[in-house]
1. Considering only segment 12-68, state which residues are in a loop (DSSP other than H, G, I, E, B), among the aliphatic types (A, V, I, L, M) and either touching a His at 6+ places or on another chain (Cβ under 8 Å) or closer than 20 Å to Leu119 by Cβ (or both).
2. Please verify whether Gly178 is in a loop (DSSP other than H, G, I, E, B), under 19 Å from Pro76 (Cβ atoms) and either touching a Cys at 6+ places or on another chain (Cβ under 6 Å) or not polar (S, T, N, Q) (or both), treating the condition exactly as stated.
3. Within segment 146-175, how many residues turn out to be surrounded by 12 or more Cβ atoms within 10 Å (Cβ to Cβ) and in a loop (DSSP other than H, G, I, E, B)?
4. Take the conditions within 23 Å of Leu31 (Cβ to Cβ) and at pLDDT below 85 and apply them to Ala118. Does it pass?
Amino acid sequence: MSDPPDPPRTRRSRVSPARESEVFALVLDQLRSVGYELLSVGDVAAAARMSKATIYRLWGGKPELVIMAVRSRGAPCAEDIDTGTLTGDLKRYLAHLEERRDPELNRAMAQAVHRDPALLDAFRAHVLEPASLVVDGLLARAVARGELDPARPAIPYVGSALLGALMGRELRCEPDDGRFGDGYVDHVLAPALGL
């Protein structure tokens with residue numbers, strides 16, 4: 001399974017990876033502190049000591065810049081997660097997401113995608129779809145091992161169930177006790193999948 005393509009840039013970047021990381025960190029900090037609507041490309045440019053034109057040339061508009069910053073936090077691919085069992089793989093995937101849990105950022109993005117159609121499209125294409133590919137890859141591997149019955153009715157709902165559970169935790173401001181992912185897999189997903 002290959003990684004999904006990055007959002008298109010208008011021109012090839014001449015910015016070093018370290019400099020790009022600095023810009024993305026500034027974007028994420030603004031998202032957390034003021035939210036998407038008040039995030040200013042001009043403020044990011046000033047803090048990064050770049051021109052606004054350079055930022056727009058390298059990353060397109062505000063939605064693309066924000067999505068690239070969110071993606072810079074890293075995401076696993078199915079090949080990175082292989083414990084030998086689907087329950088183990090799902091637990092490891094959720095543990096990876098827990099390690100990167102960022103409630104302020106998640107709440108800012110959850111509000112923003114409902115207000116900005118361009119951001120929602122970019123978020124679907126470059127964050128949600130790649131996450132769906134990871135889950136689909138874990139499920140397909142379990143089917144290939146003979147561990148999961150491909151006719152199981154719950155299979156198409158696993159990705160949405162994971163997303164709903166994670167967003168529900170953010171909205172409820174539940175603390176990270178380190179046990180949520182294992183419990184969710186053992187008591188919700190595994191029974192639904194007949195494991």
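1. Leu39
2. yes
3. Final tally of qualifying residues: 5.
4. So Ala118 does not fit the description; no.
The values are calculated or read from the model by the stated rules, or taken from the named source; none is laboratory data. All values reported here derive from a predicted model rather than from experimental measurement. Glycine gets a Cβ as well: all are built from the backbone with ideal geometry, and neighbour counts include every protein chain shown.
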